[in-house]
Every structure is written in structure tokens, then in C-alpha cells.
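The values are calculated or read from the model by the stated rules, or taken from the named source; none is laboratory data. For clarity, every value in this text was computed on a predicted model and none was experimentally measured. Heads up, the Cβs are rebuilt from the backbone with ideal geometry, glycines too, and the neighbour counts pull from every protein chain shown.
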């Protein structure tokens, strides 16, 4: 996810839902992603930035995808594919310029959804993690972090999301 704009990094880090049961439909939790969200982001002493994120989601054959629009501008198509245990997915973001950002992983464990990925830039590896903590289906607190060793993390951003209109 390295090199993405702030809006896209926020967009990839978003998901909506809280500990839904996984039945025969592995995509059931991701369907809550659908809709418009008000995002307030900031870190440290930075002033909070307000953003509007809209997700248009649908199942496409074996895949589930969400077009993510940030402040009225289409930013990315995010694809999800179940992998392994229930609640585990491979992810792939494709930007509006047609660039695939590299495979990531999503693990859903109750109210905590964790997106992770890794990049290699000339032999230097960087790990990325976005953690979403849900307080109901319409509110999310997120934190974005990076690591040079996959163990020690530095928070690069955080914020809160609220579903526009207060409901699905």
C-alpha cells in the first residue's frame, strides 16, 4: 500500500460491521461496507481532516468488490477473496489509474478487522497495518501503522468513521 494517497489509504482501511457470523456466505460481513461514511482523520497535533467515503459494493462471480469514492472522486476498486479460515481474505486494491497495489490480507476477529500488507523497495521491507475497531455497525475507530521489522509499529494516522445518515 506504499505510495497511495491518504484518501486511498483510509479507504482501504475502512470496513463496516461488527463481529458478524460467517455462514455459508463468506462475504456477508463485507456487505456492510456498502454506503457513505463521514471520516475524520488526524494524527498527533495535526488538525482533523474531514472526508466523505462512498462504497459501491457487489459480488462479481467468486470475488467481492467495492468501488471506493473519496470526496466525489473514484479512487480504487478493492477486491476481496476468502482464503483459509472464516474471516480471512486476500485483498487487492486497483487504483483509478489501473495500478494494482499488491496483495494484502484482511482478518476479521469479532469487532476488530485488521488489514495488513508488506512492500519491498530495493531490499528494504516495510509492513503496513490498518486496524479497525467497531463500536456498532455505524461507527469505526481506525489506526494506520508501519513497521520496518513486522514487530515494532509506528502509528502514522488514526481517525473515526460514522455512517452518513446513521444507518445502513
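Things worth noting here:
- In the condition set (1) at pLDDT below 90; (2) in a strand (DSSP E or B), residue 44 is compliant with all but (2).
- Leading residue by the ranking (surrounded by the fewest Cβ atoms within 10 Å (Cβ to Cβ)) among those in the range 130-148 that are farther than 16 Å from residue 41 by Cβ and at pLDDT 95 or above: 148
- When the range 47-79 is filtered for residues that are outside any strand (DSSP E or B), within 16 Å of residue 162 (Cα to Cα) and modelled with pLDDT of 95 or more, only 71 remains.
- Qualifying residue in the range 110-117 (condition: surrounded by fewer than 17 Cβ atoms within 10 Å (Cβ to Cβ) and over 13 Å from the mean Cα position of the chain (by Cα)): yes
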